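Bear in mind that the values in this text are calculations on the coordinates, not laboratory data. If you're wondering where the values come from, they're calculated on a predicted model, not measured in any experiment. Ideal geometry is used to build each Cβ from the backbone, glycine not excepted, and the neighbour counts take in all protein chains shown.
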Amino acid sequence: MNGASTAEQIRSLTERLEEAEETLRAVRSGEIDAFIVQGPRGEQVYALRSAEQPYRNLIEDMLEGAAILTTDGDVAYCNKRFADLVAVPLEDVIGGAMERFINHTDRPAYRSLLLAGSGKRRAQLKTADGRIIDVLLSFTTSTSDDVERRNLIVTDLSELLIAQSGRDRAEQQSQAKDEFMAMLAHELRNPLSAITAAVQVLEAAKGHEGAASRARFIIGRQVQHLSRLVDDLLDVGRVVTGKIALDRRAMDFCDLVRRTAAVFAEREADHQFSVNTTPVWIDGDAVRMEQIVSNIIGNAVKYTPVGGRVTISLSVEADEAVLRVQDDGFGITPELLPRVFDLFVQGERTLDRSQGGLGIGLTLVRRLVGLHHGTVSVSSEGPNCGSLFTVRLPKVAAVGTTSVVGDSPRACAVQRRVLIVEDNRDAREMFRMMLELDGHQVIEAEEGYAGLQLLRAQAPDVAFIDVGLPGLDGYEIARRFRCESDGKRPDGRKVLLVALTGYGTPDALERSRRAGFDHHLIKPVNPEALYRLLNDDEGLRSHGAIRGSSPATVAAAGGAGVVGSAMAI
């Protein structure tokens, strides 16, 4: 029996040893996650470290911050991402209160979540390096060994908010462009409607010179309005892309301000204007400075109801000329105030003010003032409190007299032989009639090859050539003609070649110069610029540009901001 009992024990021990070896092998190979042990307190589960490792790796490697808190809010555990978020070493986070990382304004809500043990809330973390981070806090509760814990997941919302902000800006820009196109259509229909009605009046006004005269005045004014709309559209693109050329020189800013204000006072008789100026000179482009002043005054008129007052003042402060335009109109809301100079932005309009805008005038003002090394600002106390625009420009010493835009008295016209090469029949006819009424002899062609033949055969004093022609474009006409005896007349004088185009960029001016043009006029041509060109004997001999400068000056003389009527060519 003893021998049999001993053998049985040995066999039992051998089996248990084999079972233990198998268990050990299974543990080592990761096949067992936990042991269930029967003890005095019943079955107890003991997890192996290898079982926790995948979950630990998941927590440690996740892109969100994770922490285990006590019910009092102390950090019992956190992953590296959480420590990185709050910019505190991992070992310094554990053991401290979580609340120290919560922004003060969000702490009451954080405490409510901690007490509830579950829920989500957006909040802000205050990091050790002074940053404020927008996050989403997600709480859950778990219990282990009768001990309750708070599980916290912290999601950084920074990238999401940036993306959302970009999407919101894109939607706002898209909406602004849609509103701009609607406003553009509205703005174009107004003058076109007035012009159409005025033409009908002219046709029916036989024997009624007063009605016909008024119709002609309305046509001229509305054509000028259309010209300004187109000029603003073109100029904003040139200014924003840095493709605008200035013809800066010392100029009497006081005279320009008073003349521009006088135009508005005459045109806007339903408003009260007050003008107070101090003599001061600046270094500026006269056309662009008039554009600045006109846009600011026009903006004041636009947002001031009938009977309202617009106050214009020009003073000298230290080394600056300071222009202030104040109105008692609709004012500017605090939300709009920081954005009034942004592209396509404009305030709400009332239906009783039909003269609108495209939301680009003040953008042009800011850019043009900046090109003149000045600043522009705006202030308003709010809705119905009016607004104040202030422009500051460096002043310079006065230098005698200066020519001013639109201030060229018409003397007796000098008769010229003029060639017009233009493919638009109506434009060509109106241009010819205008020149013939001034006493000039005019010949015309509607396409490039015919224009070149007339230029060779007739050798006129001046040739106005549209650069965009069928058959042979204007640039090629100028190049070929200049290559033939340098484009001289039989008497040895050169024919003055003038480019007509809708493009006024520096590239367009340089292209005209390289082709052989002497001047570059932008459509619609300013009548005063055209008059000075045709009546300048010295200019016709030397081919110097208007005002003795470069073709860019001619472009400016025919471009935006010129006070007076404009003729579309």
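Stretch Arg339-Phe217 to full length: gain in nm at 0.36 nm per residue minus the Cα-Cα span?
The span from Arg339 to Phe217 would gain 40.2 nm if fully extended.
Extending each Cα 7 Å along its Cβ direction at Asp74 and Arg417, get the distance between those two points in nm, one decimal.
10.7
Pick out, from Ile68, Phe82, Pro108, the residue whose Cα sits farthest towards the positive end of the charge dipole of region 59-111, with +1 on the Cβ of Lys and Arg and -1 on the Cβ of Asp and Glu.
The one lying farthest along the dipole's positive direction is Pro108.
Based on the Cβ-Cβ distance of Glu436 and Gln272, what FRET efficiency does E = 1/(1 + (r/R0)^6) give at R0 = 45 Å, to the nearest 0.05?
E(calc), rounded to 0.05, equals 0.55.
Working out 0.36 nm times the residue gap between Asn151 and Val306, then minus their Cα-Cα distance, what length gain in nm do you get to one decimal?
Working it through step by step, the gained length comes to 49.2 nm.
Return the distance in nm (one decimal) between the two label points of a simple spin-label model at Asp61 and Ala250, each offset 7 Å from Cα along Cα→Cβ.
Reported label-point gap for Asp61 and Ala250 is 7.6 nm.
Using modelled backbone amide H atoms (1.01 Å from N, in-plane), which distant-in-sequence or interchain residues come within less than 5 Å of Cys78's amide H?
Excluding prolines and chain starts, which carry no amide H, the hits are Ile68.
What FRET efficiency comes out for the pair Ala397/Ala116, r = Cβ-Cβ distance, R0 = 56 Å, nearest 0.05?
Calculated value: 0.15.
Within region 256-349, what percent of beta bridges assigned by DSSP are antiparallel, to the nearest 5?
Of those bridges, close to 55 percent are antiparallel.
Starting from 0.36 nm per residue, how many nanometres of slack lie between Arg167 and Asp129 once their C-alpha separation is accounted for?
10.8 nm
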